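The values are calculated or read from the model by the stated rules, or taken from the named source; none is laboratory data. Here the structure is a predicted model, which means the values were calculated and not measured. Glycine also receives a Cβ, built like all others from the backbone with ideal geometry; neighbour counts cover every protein chain displayed. To get the accessible areas, we keep the full protein, side chains included, count just its heavy atoms, and leave off ligands, DNA and RNA. Shrake-Rupley method; radii C 1.70, N 1.55, O 1.52, S 1.80 Å.
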Amino acid sequence: MQPESTVAAVLKVVAARLEAAGCDTARLDARLLVEEACGLSLTDVIARPDTVIAAASLERVEIMVARRAAGEPVSRIIGEREFYGRSFKITPDVLDPRPDTETLVDVALPLLGKIAHPRILDIGTGSGAIIVTLLAEAPAATGVATELSPAALAVARDNAHVNGVGQRLQLVETAWTERVGGQFDLIVSNPPYIPPADIASLCREVREHDPHLALAGGPDGLDAYRAILPEAAALLKPGGHVVLEFGAGQHEDVVRIARAHGFALAAGGLVKDLGGHVRCAILLRS
């Protein structure tokens, strides 16, 4: 850091270092890291740019900046990610929720609108971002979330309680739906869908920091759908829906697998994300 260690001066230095390291969002990353390291709010940064940062805080900034420059996402450095307007704890045990997955939430919420007390199942919940958001947005709903990783399940539990839906969510440690009973109005999942051969080509923020278990979807990326869809068929209430996320270019294969297990594509059932890729499918029993 340069000798003048005011908030404004440190932000300028950090942003320059991150830009030189190839960070596309260097200024935003700089602000978030400085806020976290120094215990500042956005208001502090804007209203009091001449505040002098203490030496101990500067040391924390140095450590965080080095991690970001090496390719670690800001969300992992600070241990949280904003998703659908809420803050979610993330750890090395869970996938870092992506903005693209907000498309799934946008698609799922209207399906709950006409159901008095909807019951939702989230298969392979990870951080719990999807199910916790759905329950928070639909106060009359209850949910079940499954997860194979005990460590990930603990993160989902924390996120459910912090966001005020812990009493309406049952968490089940299981592979897919093996230990799940009853029927559901809505089943959602964002399962692993990356072919292992493609993982090396992912950006380093994903490749080096997301858990492999949450990425790898079998040789063609479709193993999870082959497992989930027959199980979902037995757990879905009449008139219910399944909403699945998948990777770019996978929609035709996912729909084909769904049809083989008695599902039909709902009207307007292929939904694009903000990047223009078909990201989600809305399925119902045919």
Any number yet on Rg/Rh for region 138-241, C-alpha, Kirkwood? 1.00
Rule-of-thumb check for the chain: C-alpha Rg over 2.2 N^0.38 Å? 1.10
What share of Cα pairs, in percent, lie more than 22 angstrom apart in region 18-118? 44
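Please compute the contact order of the chain in relative form: average sequence separation of alpha-carbon pairs under 8 Å and at least six residues apart, divided by the residue count, as a percent.
Numbers: 520 pairs, mean separation 40.0, N = 286.
Reported relative contact order: 14 percent.
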Give me the distance between the Cα centres of region 199-271 and region 13-83, rounded to whole Å. 35
Determine, for each peptide in 259-267, 110-118, the mean count of other beta carbons within 10 angstrom over its residues, then list the peptides with the highest first. 259-267, 110-118
With every protein chain left in place, what is the accessible area per residue of the chain in square angstrom, probe 1.4 Å? 46
Just need the relative contact order of region 22-121 here, percent rounded to a whole number, with Cα pairs under 8 Å and 6+ apart. 19
Full extension from Lys12 to Ala55: what is 0.36 nm times the residue separation minus their Cα-Cα distance, to one decimal in nm? 13.8 nm
Could you give the spread of the C-alpha atoms of region 214-286 along their three principal axes, from largest to smallest, in whole angstroms? 32, 27, 19
Computed over region 98-140, Kirkwood Rh from alpha-carbon pairs, angstrom: 10.8
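Provide the net charge surrounding Asp273, with neighbours chosen by a C-beta distance below 11 Å and charges set as Lys +1, Arg +1, Asp -1, Glu -1.
-1
Work out how much length Ala151 to Ala248 would gain on full extension: take 0.36 nm times their residue separation and subtract the Cα-Cα distance, in nm to one decimal. Provide the component values of the computation, followed by the final result.
Numbers: separation 97, 0.36 × 97 = 34.92 nm, distance 2.87 nm.
Result for the pair: 32.1 nm of gain on full extension.
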Overall dimensions of region 65-138 as given by Cα atoms, namely Rg and Dmax in Å: 14.4, 50
Got the relative contact order for region 183-279 handy, in percent, Cα pairs under 8 Å and 6 or more residues apart? 33
Lys and Arg at +1, Asp and Glu at -1: add these up for the other residues within a Cβ distance under 14 Å of Met64 and post the number. -1
Between Arg67 and Asp223, what's the calculated FRET efficiency when r is the beta-carbon distance and R0 is 41 Å? Round to 0.05. 0.80
Taking the Cα centre as origin and putting +1 on Lys and Arg beta-carbons and -1 on Asp and Glu beta-carbons, what dipole magnitude results for the chain, to the nearest 20 debye? 620
What's the extension gain from Asp24 to Gln170 if we count 0.36 nm per residue and subtract their Cα-Cα distance? 48.7 nm
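What helices does the chain hold that run 15 Å or longer along their axis, going by alpha-carbon atoms, with a Kyte-Doolittle average of 0.0 or more, using DSSP H for the helix calls?
7-20, 26-38, 55-69, 102-112, 150-162, 223-235
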Is the shape of region 117-193 rounded, prolate or oblate, going by the alpha carbon gyration tensor and its root eigenvalues a ≥ b ≥ c, with a/c under 1.5 for rounded and a/b larger than b/c for prolate? oblate
Simple spin-label estimate for Arg285/Arg204, 7 Å along Cα→Cβ, in nm, reads 5.0
